[in-house]
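Peer 1: Mind looking over this structure? Questions follow.
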Amino acid sequence: MRKLSTQILASQTVILGITVAVGFGLFVRGERLHLDHVYEQRAAAIAAATAQVPDIRRCLEDEAGCGNTVQRIARGVQHSTGASYVVVIDMARVRHSHPDPALIGQPVAERIATLDGQEHVGIDVGATGRSANGKAPLYGPDGTMVGEVSVGLQESAVSAALVHELPTYAAWFGVALAVGGIVSLLLAARLKKRTFGLELDEIAHLLREREAVLHGIREGMIAFDVSGRVAMLNDEARRLAGLGAVPIGSRLEDHLPEGRLRDVLTGVVDGHDEVVLTDDYYLTVNRMPVTLVGRPAGAVVTLRDRTELSGLLRELDSVQGLTDALRAQQHEFSNRMHTVAGLLELGETDEALHYLTDLGGAEAGFAESVRSRIASPLVVGLILAKSTVAAERGVDLVLSEESWLGHVPTREQALTTILGNLVDNAVEAVSGEGFESGTSGEVRVSIVEEPESIRLQVSDSGPGLVPGTAERVFVDGYTTKTGRGSERRGLGLALVHRLVQRIGGDIAASEGPGAAFTVQLPKETA
């Protein structure tokens, strides 16, 4: 009984058997009542016909009677109709005919039932056994009621008629049971096909495994049906995508605000390993269509949390940037020492001293120029480090004359993050592939403290942004650069955009040659 088809067939057969048995029993009972009624009406008709015999009417009206005339006539009627008895009684309830001659002249126990002048029918259990009984009033020639005629048809005759009809009805019920069994087999086969041949225990086992896997893995998973409604949503997906209140069977469009997260989850944006940045997480999202038996069955979306990895990569980038700066300084220092060594070897001591004096003055001058305009040590250190890296790549990093920034402790971290990303992009733009060889690129930084805000602008002399992409550059994962190995590109500007929006600022980019990114930040947290 482990097979689904066997269980369905057995249960359906039991149900059909019980239903057919109950139905057959009710039908037999109804047919029996019907036959009882038919035989009762037949008995009443025989009684009424007997009550119309003139000799019986005359004999019952004559108090002296007619001897055995009534008994003889009653016997004749009994034999000709197949009745079990024909009893004629007078108004004194005395029998004038009976199958048992010993009871003739004896009174009956029950009262006369036809005093109302109507025929009466019913089941009678008398001396001759159980029978269908019919009674009719008996009137004399002058129209006065003189007695009653009671006729009974043996119950065995009713049962015999019923038994004669039962085989036909039993055959019909048997056909119904057989058809039900065949339909049950077809239903079992169809269910077997719909469940891919799995038995009930296997389905239950798969369900338990699915629940354990879906809610135990550290990846978010969302399943959609063909109409785009949520069919499955595990706990990790609710946490990563902020879908705690989304019920099964609803649409994500009704619960998520407009944005890249909703577009990627619902399939508006399609692609492999799409990057999505939320307020709390850095996610990698994949949406795959599902096809069953050659027909579309919806889609499955997986969400992987890469927040910690992204943080580590950003820290690694910072360390790499610091390493590049130190390497550039070391390289520059080596070149200068070689130059000084060469001058000293030639005996040009005055020239060597003059060279060292000029170098120290230039570097000190730039550093002092930055410190005189920027009060934040973090921002000053970042500009000096980026200037060194840019110089190694043949790019001039210039701080505009109008720049001025006092102490803003609540904005130092945000400023260094935004400025670092924008300067890196600008340096790469003017020193990367496609920029004219031999041309010295320039990156200009402007930081201006205004009464209520801080305006930061980073511009470069590179090819700039293609018209129509000023808004798209801030979308997660959008980039015009080629990735290096497994490195994911297109996150720097997205992170900057998200950070600026989080603290209530604005960011804009210019199109055309020489890209310029302008950021407006409020001084204090709202």
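The values are calculated or read from the model by the stated rules, or taken from the named source; none is laboratory data. Just so it is clear, the model here is predicted, and its values are computed rather than measured. Don't worry about glycine lacking a Cβ; one is built from the backbone with ideal geometry, like all the others, and counts go over all protein chains shown. Just the protein is used for accessible areas: all its heavy atoms, side chains included, with ligands, DNA and RNA removed. Shrake-Rupley method; radii C 1.70, N 1.55, O 1.52, S 1.80 Å.
Peer 1: Please give the solvent-accessible surface of residue 507 in Å², to the nearest 10, using a probe radius of 1.4 Å with every protein chain present.
Peer 2: Residue 507 has an accessible surface of roughly 30 Å² with all protein chains in place.
Peer 1: Hey, if you put +1 on the Cβ of every Lys and Arg and -1 on every Asp and Glu Cβ in the range 205-293, which of 234, 281, 206 ends up farthest toward the positive end of that dipole?
Peer 2: Among 234, 281, 206, the one farthest towards the positive end of the dipole of the range 205-293 is 206.
Peer 1: Rolling a 1.4 angstrom probe over the protein chains, ignoring ligands and nucleic acids, what is the accessible area of residue 91 in square angstrom, nearest 10?
Peer 2: Residue 91 exposes around 90 Å² with every protein chain in place.
Peer 1: Kindly rank 166-172, 400-406, 272-278 from highest to lowest mean number of other beta carbons found within 10 Å of each residue.
Peer 2: 272-278, 400-406, 166-172
Peer 1: With N set to the number of residues, divide the alpha-carbon radius of gyration of the range 248-296 by 2.2 N^0.38 Å and report two decimals.
Peer 2: 1.30
Peer 1: Here's something else I'd like to know. Kindly provide the pair-distance distribution of the range 80-137 built from C-alpha pairs, with 5 Å bins from 0 and whole-percent values in order of increasing distance.
Peer 2: Distribution as computed: 4, 17, 27, 30, 18, 4 percent.
Peer 1: Report the relative contact order of the range 216-291, percent, no decimals, based on alpha-carbon pairs under 8 angstrom and at least 6 residues apart.
Peer 2: Averaging sequence separation for qualifying contacts and normalising by length gives 19 percent for the range 216-291.
Peer 1: Sticking with this structure for a sec: Pull up all non-local amide H partners of residue 399: gap of 5 or more, or a different chain, and H-to-H distance under 5 Å with H placed in the peptide plane.
Peer 2: Excluding prolines and chain starts, which carry no amide H, the hits are 445.
Peer 1: Calculate the all-directions average of the projected area of the range 47-206's alpha-carbon convex hull, and give it in nm².
Peer 2: Over all viewing directions, the range 47-206 projects a mean Cα-hull area of 15.9 nm².
Peer 1: Arrange the residues 270, 235, 36 by how much accessible surface each exposes, largest first, with a 1.4 angstrom probe.
Peer 2: 270, 235, 36
Peer 1: Net charge within 14 Å of residue 507 by Cβ-Cβ distance, Lys/Arg positive one each and Asp/Glu negative one each, not counting residue 507 itself?
Peer 2: Once all neighbours under 14 Å are counted, the net charge is +2.
Peer 1: Keeping all protein chains in position, work out how much accessible area residue 369 exposes to a 1.4 Å probe, and write it in Å² to the nearest 10.
Peer 2: Roll a 1.4 Å probe over it and residue 369 shows about 40 Å².
Peer 1: Let me ask something additional. Which of the peptides 294-300, 418-424 is most tightly packed, and how do the rest follow, going by the mean number of other Cβ atoms within 10 Å of each residue?
Peer 2: The packing order, highest mean first, is 418-424, 294-300.
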